[in-house]
1. Collect the residues in region 190-211 that are within 25 Å of residue 280 (Cα to Cα) and surrounded by fewer than 24 Cβ atoms within 10 Å (Cβ to Cβ), keeping them in residue-number order.
2. In region 146-163, what count of residues is obtained for those that are part of a strand (DSSP E or B) and touching a helix residue (DSSP H, G or I) at 6+ places or on another chain (Cβ under 6 Å)?
3. Does residue 358 satisfy being crowded, with 19+ Cβ neighbours inside 10 Å and of a type in the set (A, V, I, L, M, F, W, C)?
4. Does residue 236 count as under 30 Å from residue 13 (Cβ atoms) and open to solvent by less than 20 Å² (accessible area, probe 1.4 Å)?
5. Is it the case that residue 78 is closer than 16 Å to residue 150 by Cα and surrounded by fewer than 20 Cβ atoms within 10 Å (Cβ to Cβ)?
6. Anything in region 383-402 that is open to solvent by 50 Å² or more (accessible area, probe 1.4 Å) and of a type in the set (D, E, K, R)? List them, or say none.
7. Here are 303, 335: which of them is β-branched (Val, Ile, Thr), in a loop (DSSP other than H, G, I, E, B) and under 19 Å from the mean Cα position of the chain (by Cα)?
8. Can you confirm whether residue 291 is in contact with a strand residue (DSSP E or B) (Cβ under 8 Å, 6 or more places away or on another chain) and assigned to a helix (DSSP H, G or I)?
Amino acid sequence: MAEETTTNQIQPPTYGNLITILSIDGGGIRGIIPAAILGFLESQLQELDGENARIADYFDVIAGTSTGGLVTAMIAAPNENNRPLFAAKEIKDFYLDHGPKIFPQPCGPFPSAQIIVKEIFGPKYNGKYLHSLVKEKLGNVRLHQTLTNVVIPTFDIKQLQPTIFSTSGVKSDPSLDALLSDICIGTSAAPTYLPAHYFETKDSQENVREFNLIDGGVAANNPALVAISTVTKEVFDGNPDYFPIKPVDYGRFLVLSLGTGSPKKENTYNAALASKWGILDWLLYGGSTPIIDVFTQASADMVDIHIAVVFQALHSERNYLRIQDDTLTGNVSSVDNSTKTNLKNLVAIGEGLLNKPVSRVNLETGIFESVENEGTNEQALIRFAEQLSEERRLRELRSPHTKSPK
């Protein structure tokens, strides 16, 4: 973060009591679900602090994987007025308008056969529309220019290891200062769905670094823990923007983690089926891709379980809010079904989540269960908005760098 910020940009957490983190899972077209949640949260912040309030004004770190990485860029990249490119309420319409072109549905007499043949010989989609759209919207904005710190996981298929793009990381490794458009295309390159993405960066000495990226969901479909680790590293490195905390002092974190839904409760896979599967079955079974489902769900759930355990152990459960629907079934569980009917249904699921009770993962079963006396997700988000607003005001009062409105 810069030493002096505008009135809108959040002051560093060293002037406050909390470190605020927003995390958005991957999930393709199901990104509509967290979009609905973000739209509600931003509306609550606007009720408290005025219509110009934006999500990026309140979070120290916004992390997103795959479709979550795209949402992260949309709400954290600056426009020509140095304000967020998109208001949260506009993200839903972005998916509704562009989803059918990003994931064009097959037509003709044998659509299923067309899909199978296409996926055997290459990615299901060529990605051309997505790539041109992302480049158009994000332009020449680079990672260091985001309005708050962002963390976007990807996976380098050549190096066979994760590559984490973070705004704070650019300070120590300038080769990470890539175009946000390239980062978003890379983190969205889901195997079998979209092509891997290659690009290069150059540092001030003209040293070239190559990136060969696929979907960040391979490494961290739920990037919440990556975000927390990034902050922890900054604290250990002595970044003055962060107050000193102990390695496991999660009580100073305020974390909102948004899932994109999962078919866990309605899943039809079982050992009897999987024991007979070969390569093609793992890649294509019943219109889905089991191997992708397995590693994205495993990645997301392991992170949620880890964070839930730590927050519960420190009696800070209310500082960690995970909003997820693990009951998806049929078309709505697909990551690429962009029919008008399915898009409408996804919007309804996202909005319906607001009325569902606050839930936490059962550490034994892995299933989300409602929590007594904590109300609905809507009520929890209202409380969350109040905490974010109070934290922002506290920092502005304490910071010597806050500019007075002209």
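The values are calculated or read from the model by the stated rules, or taken from the named source; none is laboratory data. Owing to the predicted nature of the structure, the values given are computational and were not obtained by experimental measurement. Cβ coordinates were reconstructed from backbone atoms using ideal geometry, including for glycine residues, and neighbour counts include every protein chain displayed. Just so you know, the surface numbers come from the protein's heavy atoms only, side chains and all, with ligands and any DNA or RNA stripped out. Shrake-Rupley method; radii C 1.70, N 1.55, O 1.52, S 1.80 Å.
1. Listed by number, the residues that qualify are 191, 192, 193, 195, 196, 197.
2. Within region 146-163, residues that are part of a strand (DSSP E or B) and touching a helix residue (DSSP H, G or I) at 6+ places or on another chain (Cβ under 6 Å) number 8.
3. yes
4. Here the answer is no, as residue 236 does not meet what is asked.
5. The answer is yes for residue 78.
6. Selection gives 383, 386, 390, 393, 396, 398.
7. 335
8. no
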